[in-house]
1. Please go through region 167-181 and pick out each residue that is farther than 13 Å from Ser38 by Cα and either in contact with a helix residue (DSSP H, G or I) (Cβ under 8 Å, 6 or more places away or on another chain) or without any contact (Cβ under 8 Å) to a residue 40 or more places away in the chain (or both).
2. I'd like the full set of residues that are of a type in the set (Gly, Ala, Ser) and in a strand (DSSP E or B), limited to region 356-411.
3. When the residues of region 366-412 are filtered to those that are touching a strand residue (DSSP E or B) at 6+ places or on another chain (Cβ under 7 Å) and over 30 Å from Ile424 (Cβ atoms), which remaining residue is surrounded by the most Cβ atoms within 10 Å (Cβ to Cβ)?
4. From the list Phe146, Phe90, exactly one residue is within 21 Å of the chain's Cα centre (by Cα), assigned by TED's automatic domain parsing to the domain that holds Ser172 and in a strand (DSSP E or B). Which is it?
5. Tell me, yes or no, whether region 20-37 has at least one residue that is at positive phi and either touching a helix residue (DSSP H, G or I) at 6+ places or on another chain (Cβ under 9 Å) or in contact (Cβ under 8 Å) with a residue 24 or more places away in the chain (or both).
6. Could you go through region 38-58 and let me know if any residue there is outside the structural domain of Arg372 (by TED's automatic domain parsing), in a strand (DSSP E or B), free of Cβ contacts under 8 Å to residues at least 40 places away in the same chain and buried (at least 18 other Cβ atoms within 10 Å of the Cβ).
7. Conditions first: (1) within 30 Å of Met105 (Cα to Cα); (2) surrounded by 20 or more Cβ atoms within 10 Å (Cβ to Cβ). Leu266 passes all but one, so which condition is the exception?
8. List every residue pair whose Cβ atoms lie under 9 Å apart, where the two residues are 6 or more positions apart in sequence or sit on different chains, the first residue falls within region 115-129 and is under 16 Å from Phe82 (Cα atoms) and in the same structural domain as Asp180 (by TED's automatic domain parsing), and the second residue, located anywhere, is modelled with pLDDT under 95 and surrounded by 20 or more Cβ atoms within 10 Å (Cβ to Cβ).
Amino acid sequence: MSGNNISFAKTDGGVPVVTEFIPGCESSGYMIAVGTGSRDEYPEIFGLSHLLEHVVFRETKTRTSYQMAKEMEGAGGELNAFTGRELTAFYGVTIKETKDVAKEMVSDIVANPLITDNDVDLEKKIVLQELSMIENEPESYIHDLFSQNLWRGHALCQDEGGKIEIVKGLGSKELKEYYDERYGIPNLAVIAVGNVDIEDTKAWASEKFDGMTGKKVIKRTAPPMPKQYYKFVKNKSEHCHTGIGFPAYSPDDPNRTPALLLGAILGSGTSSRLFQNVREKKALVYSVYTAVEQNSDSAAMVTYMSSTDANVVEAVETTAKVFKDMKDGGLEKGELDRTKKLIKGAIVRSMESTEHRMYRLGRDFMLNGKYRSLEKRLQDIEDVTEEQVMHVADDLIRADRLNITVLGQGNRDIKKFDPVQLDI
């Protein structure tokens, strides 16, 4: 099963292996994706996925963190990881002649972590600082708050870092139990990008991970359709940070790509409707942009903006008017073609990075077990019609599904704001 330099195989033990060979690439990247994240936690362990991601770097059966750092950097590479709502991933990238070091380091931390009391205690101090820092960075914190409110009552509302008071109480016992339960087949996948080979990657994955069998199958329930909701969150920030958006489509929905185009028309780049109408014409915000945030069974199309307290209500009202004008007035001449080129340009530029390409391939595969070549992604964008974009606009931009979250000191009007007053 291959095409456009992307190949798929499975080890004898059943670990999926996806590789993308890039001709002429001077680097090699290897990712181990574990299909568990913050949405798969229960209240007593909120934040454990993220803490465990940190702790496994501390010490393995064969190396200390310092030894790992020396070997990886001595190979011209980087070892890193991230935790999401549905995925925890570990990756190593080196120059092509030292690719075996990348494979060894990333497999060592995933297959052989010690998870000692001392390691957990040390790493908790770092994670707790990170969580505190996030709450003091409103331009990042608003993303977490919006998702918490949009998916309220469902596991998707659980942000990646967890709750500080819960993380404080976690110990090596809980982390080891979680690791033993979830880090293994059928929750593992291997992704390799750059100067890589499918058979070599498969042989390495089989050697390192085929013995990690019999783990818990992660079961998830899709969230119910969100209803209209508004929440103001008090913060010391001198600016108001706002998220305003709607639920969108799952990865296998044919409307997914048209929704991507719609979001870009509204809020990608300085020529977008929101940037021009909310910032350039009225100077109501410092920043404004729209993103489509994808999960395996759901998504959201969200506009984020930062403004002063004095401007926030008018900024929200102007944004709502842009949404309505999109539905009522349709596309401008050349607007869709210009936006297609904007998105394709951003994709092509990002694909020049081995790390970004590996992240994209791994995330796509873990979302729904599928992947698309660069050529297929670009063609899917090119194939979108004006009729499809307008269908998606009518389907997504709905007052009964409008969700707004505002973070800031807040004036009287925004604290008592009611989304019913918006004409969408």
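1. Selection gives Lys168, Gly169, Leu170, Gly171, Ser172, Lys173, Glu174, Leu175, Glu177, Tyr179, Asp180, Glu181.
2. Across region 356-411, the qualifying residue is only Gly408.
3. Out of the qualifying residues, it is Met366.
4. Details: Phe146 fails: in a strand (DSSP E or B).
The unique qualifying residue is Phe90.
5. We begin by selecting, within region 20-37, every residue at positive phi; these are 24.
Adding the requirement that they be either touching a helix residue (DSSP H, G or I) at 6+ places or on another chain (Cβ under 9 Å) or in contact (Cβ under 8 Å) with a residue 24 or more places away in the chain (or both) leaves none.
Among the residues of region 20-37, not one is at positive phi and either touching a helix residue (DSSP H, G or I) at 6+ places or on another chain (Cβ under 9 Å) or in contact (Cβ under 8 Å) with a residue 24 or more places away in the chain (or both), which makes the answer no.
6. No - not one qualifying residue is present in region 38-58.
7. Here Leu266 meets the rest and fails (1).
8. Short answer, once both residue conditions are applied: Val127/Gly161; Val127/Gly162.
The values are calculated or read from the model by the stated rules, or taken from the named source; none is laboratory data. Note that the structure is a prediction, hence the values are computed from the model and not measured. All Cβ positions, glycine included, derive from the backbone under ideal geometry; neighbour counts span all protein chains shown.
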